[in-house]
Every structure is written in structure tokens, then in C-alpha cells.
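Working notes, beginning with the structure itself.
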Amino acid sequence: MDEPGVRTWLQQTAWPLAGVEPGGPTGDLAPLKDLLEDVRLVGLGEATHGTREFFQLKHRLLEYLVTELGYDVLAMEASESAAPAVDAYVRGGPGDAATVVSDLGFWTWRTEEVVAMVEWMRSCNEGRPAGQQVGFAGVDPQKCSASLARVRDHLAEHAPERLELFDSGIAAEVDAGPGAKPDPTRMLVRETEALVGYLDQHEAPADVLAAARRLVRAAEVVCTAREHKDPAKTTFAVRDWLMADAVSDVAGDNGKVVLWAHNGHLAASRQTAGLWPLGKHLRDRYGSAYYAVALLCGSGAFRARRMLPGPWPGAMDGPVISNKLDRGGFNSLEGQLAAANPGDHFLDLRAAANAPVEVKKWLEEPQMFRSFGAYVQRWTYRYQFAPTHLTEEYDALAYVATTSPSRPLPDRVA
């Protein structure tokens with residue numbers, strides 16, 4: 001960052017966060033009231049899937065958005081099929097938080113931090129009428145075993161003659177994972193759609209129909225290839241528009257949604273033609289009523305699985321371990337943010353509309369920042385950065401100076 005005016009703008013525009021831990025005073029979050037006045041969907045991202053401080057800050061922001069601004073559902077990049085059990089729990093239903101969180105299907109969420117958030121949601125709902133409670137939804141079509149089980153139970157009781165075909169067909173393939181069974185004819189999708197039609201015709205309960213419709217989305221992801229000359233026809237693109245559809249279903253006509261996902265999914269734009277992220281679909285549907293916040297971090301460590309660099313990454317099911325990070329260097333976005341504001345802070349990028357010319361020029365240039373998912377490349381991950389056009393992709397940044405590994409649940413519930 002060569003221009004001193006850019007650093008001055010960052011210093012003057014960002015405001016400090018009092019901390020990341022939930023449950024404390026919220027005076028530092030008060031500017032969000034004006035920023036989100038006309039916003040219905042707030043996306044809360046993360047640069048890694050294994051940073052404790054990201055999860056804590058999102059919990060803290062969720063508390064504020066629910067109690068002060070009337071947001072009524074948390075939609076998470078987690079199993080759409082397993083989420084109803086979490087929703088039932090936070091509304092006072094049976095079970096325990098550790099179990100329903102573990103059943104979401106991804107190691108990334110099996111943490112003390114996510115459990116603490118779910119327990120807060122339950123305590124927040126206690127004594128409230130159903131229409132004033134905060135709900136929980138999953139938006140990822142992967143990991144659909146809960147939907148399979150619900151549909152199978154219904155068939156076993158009401159249409160046992162269809163069980164053998166169901167078990168050998170849909171049930172045997174639909175939970176295989178993204179791109180596992182590429183099929184241009186989309187036979188599995190058509191079979192799941194036919195199942196929905198059958199259940200609807202025979203007046204199946206609403207929760208059974210909902211489970212069957214989740215199987216249709218899961219089938220779309222399974223049948224779509226990982227590679228295609230048209231990026232829009234890859235399983236990665238399909239998964240994101242399906243997640244966008246799930247978010248829209250949750251939002252309905254008047255809902256106010258907090259969306260938890262990786263920074264890459266929440267981006268409201270992307271340079272790759274056709275490979276639209278979830279956030280791009282939401283921007284097209286909701287315009288400025290969608291507000292995407294990317295969470296970035298400085299030095300410390302985070303949890304992720306490691307894989308070998310190159311075209312042969314090796315086994316993808318290795319142990320989840322701690323991976324160290326430094327601040328990122330002066331030329332990285334994280335380094336520039338830290339140089340201007342060393343502590344935790346929040347930066348509203350929509351304020352750039354009134355920024356000096358030199359700031360707008362800087363924002364138009366691609367900035368390099370970290371973007372890690374559930375995996376990192378062994379040895380080289382510390383030197384890997386992704387480009388971002390900030391004001392095209394995000395509406396705000398939240399910077400956390402120190403990152404520490406998320407805390408996994410004990411083995412008995414993991």
C-alpha cells in the first residue's frame with residue numbers, strides 16, 4: 001500500500017471491535033444499525049474453516065443481529081438434511097447440542113464454538129412465542145442421510161412395495177457426494193423428482209415432502225461433473241446455486257437471515273465467467289439487501305486437513321491438524337489492514353462510494369488475501385493467496401488480529 005491516503009482512509013473508516021467473544025457489551029456494534037437498515041440477508045464469512053475467533057465473532061454478531069435488529073434465522077453452510085434436528089433443538093426440542101451439531105456432517109462444525117452458539121440460540125428462544133424465535137437452517141445439499149432415513153421410514157410404513165427399488169436406486173447413490181456419479185441424462189435427479197411427485201400425490205406429511213425435495217438437490221450435486229468446459233455446469237457451480245435456492249427458501253417473503261459460510265461462497269461477484277458463488281446469486285436476487293462480510297485474520301494458527309501439493313494430492317481423509325500463519329506480509333490485504341489498524345476491527349466497504357480517488361483506485365485493483373477451506377496444501381499453504389476485487393465481492397470486512405485453532409468436540413460426540 002504505497003498511497004498514504006489509503007492507509008488514512010482505512011484508519012478513519014474502520015472502527016475497532018471490543019473483542020470477539022459473545023455475551024458482552026455490544027456498544028461497538030451499534031454502527032451496524034444504520035448500515036443494515038435495509039438489509040435482509042447478512043452473510044458472515046470466514047477465511048478458514050478452522051479459526052476459533054471467526055466462530056466466536058460470528059456468534060457475537062448473531063446475538064446482536066437477533067436481539068437488536070430482528071433477524072430470525074441462521075442459515076449455515078451445513079447439511080440441509082440434518083439441520084431440522086438442530087432447529088428443533090434450538091426451539092426447545094429433545095436431544096443435546098453436541099449431538100445435533102455433530103450430525104451436521106462436517107468436522108468443521110463439530111466444535112465447542114458452534115455448540116456454544118447453538119446453546120445460546122436455545123436459551124434465546126426460551127419463553128418466546130414460536131413466531132418470535134430464531135431458527136436454524138442448513139443450506140448445503142451434501143450429507144443427506146437424515147432425509148433418506150425420513151423418506152425410507154415413510155415408505156416402509158405406507159408403501160413397503162417401493163422399498164426395494166428405493167434402497168437399490170436413490171438410497172444407494174444420492175449421498176455419494178459432489179460429482180461422484182456424473183450423468184448428463186440426470187437420471188438420479190429425475191428419479192428423485194418422481195419420488196416427490198409420488199409422495200405429493202399420496203399426501204405425504206410436509207416433513208416427508210421436504211426431505212424428498214432435499215434429495216432432489218443432493219441428486220443434482222451428485223450427477224453434475226467436477227469438470228466441464230462450461231464452468232456453470234460443474235458441480236461446484238451447481239452446489240452454489242442450490243445453496244442460494246435454499247437460502248431464498250429460508251428467507252421467504254419477509255424473513256431476515258444471517259448466513260454463515262466461507263468467504264468464497266459469500267462473494268457477490270467472481271471473475272470466472274459462469275462459476276458464480278452463492279453470494280452472486282443472492283446479489284442478483286436481493287440487490288443491496290444482501291450484505292456480505294468477509295472475515296480475515298492475522299497471525300496464529302487454524303485447523304485444516306493437509307494434502308500434498310500438485311495434481312496428486314494423496315488421501316483426502318487425513319487428520320485435522322493445526323496450521324500456523326503469520327500476518328501475511330505487507331503486500332497482502334491482511335498486512336495492509338493490520339498496518340492501518342493493528343487490532344480487531346470492522347470496515348464498511350460501501351463507504352468507499354464517498355472515498356477519495358486514490359482509495360477508489362486501490363479498491364479497483366485486485367488485492368491478495370488468504371482463502372483456505374477444509375484443506376490446505378502441505379508446506380506451501382503459507383504462501384498461497386487469492387485475488388479479490390473488494391468492493392465488487394464484499395460489502396464489509398471484519399479483521400481479527402489473532403487466529404487460534406477451533407476446539408473440536410470430544411471423540412464421543414465427534
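With the Kirkwood sum run over all distinct C-alpha pairs, the stretch 328-390 has a hydrodynamic radius of 13.3 Å.
Reachable aspartates and glutamates from Lys181, Cα under 12 Å, same-chain residues fewer than 8 places away excluded? Excluding near neighbours in sequence, the set is Glu173, Glu220.
For the stretch 232-303, the alpha carbon convex hull comes to 120 Å³ per residue, rounded to a whole number. D by Stokes-Einstein for the chain, Kirkwood Rh over Cα pairs, 4 °C, 1.567 mPa s: 58 µm²/s. Taking θ as phi - 60° and the Karplus parameters 6.51, -1.76 and 1.60, the scalar couplings of the stretch 249-260 work out to 4, 5, 5, x, 8, 9, x, 10, 10, 9, 10, 10 Hz in sequence order, x denoting glycine and proline. Once you have a ≥ b ≥ c as the square roots of the Cα gyration tensor eigenvalues for the stretch 238-376, tell me rounded if a/c is under 1.5, and otherwise prolate or oblate according to whether a/b is larger than b/c. Note, shape of the stretch 238-376 comes out oblate. Start at zero, step by 5 Å, and the Cα-Cα distances of the stretch 294-414 spread as 2, 10, 18, 20, 17, 13, 9, 6, 3, 1, 0, 0 percent across the bins.
Which of rounded, prolate, oblate describes the stretch 157-272, given a ≥ b ≥ c as roots of the alpha-carbon gyration tensor eigenvalues and a/c under 1.5 marking rounded, otherwise prolate only if a/b is larger than b/c? The shape class here is oblate. For Lys360, the lysines whose Cα falls under 24 Å of its own Cα, not counting residues fewer than eight places away in the same chain, are Lys280.
Database remark: amide H of Ala78 closer than 5 angstrom to the amide H of Val139, Asp140 (H placed geometrically; neighbours at sequence offset of 5 or more, or on other chains; Pro and chain starts carry no H).
What is the sum of charges, Lys and Arg at +1 and Asp and Glu at -1, for the other residues whose Cβ falls under 15 Å from the Cβ of Ala149?
The answer is -3.
Calculated on C-alpha atoms, the gyration radius of the stretch 59-170 divided by its Kirkwood radius gives an Rg/Rh of 1.06.
In this structure, the amide hydrogen of Arg306, modeled 1.01 Å from its nitrogen in the peptide plane, lies closer than 5 angstrom to those of Ile321, Val376, counting only residues at least 5 positions away or on a different chain.
The mean sequence separation of alpha-carbon pairs under 8 Å and at least six residues apart, normalised by the residue count of the chain, gives a relative contact order of 25 percent.
Find, to one decimal place in angstroms, the Kirkwood hydrodynamic radius of the stretch 104-214, where the mean of 1/r is taken over every pair of different Cα atoms and then inverted.
This gives a value of 16.3 Å.
Residues in the stretch 125-186 average 54 Å² of solvent-accessible surface per residue, probe 1.4 Å, ligands and nucleic acids excluded. Projected onto planes of every orientation and averaged, the convex hull of the alpha-carbon atoms in the stretch 139-197 covers 4.3 nm². For the chain, the longest principal axis of the C-alpha atoms and the axis of helix 112-125 are separated by about 80°. For the chain, the longest principal axis of the C-alpha atoms and the axis of helix 4-13 are separated by about 60°.
The Rg/Rh ratio for the stretch 85-130 is 0.98, where Rg is the radius of gyration of the alpha carbons and Rh is the Kirkwood radius. For Trp15, neighbours were defined as the other residues whose beta-carbon sits under 9 Å from its Cβ, and their charges (Lys and Arg +1, Asp and Glu -1) total -2.
Each residue was assigned an accessible area with a 1.4 Å probe, and for Ile321 the value is about 60 Å². Around Arg378, what is the net charge, scoring Lys/Arg as +1 and Asp/Glu as -1 over all other residues with Cβ under 11 Å from its Cβ? Its environment carries a net charge of +3.
The values are calculated or read from the model by the stated rules, or taken from the named source; none is laboratory data. Remember, predicted model here, so these are calculated numbers, not experimental data. Cβ: placed from backbone, ideal geometry, glycine included. Neighbour counts: every protein chain shown. Areas reflect the complete protein model, heavy atoms only, side chains present, ligands, DNA and RNA absent. Shrake-Rupley method; radii C 1.70, N 1.55, O 1.52, S 1.80 Å.
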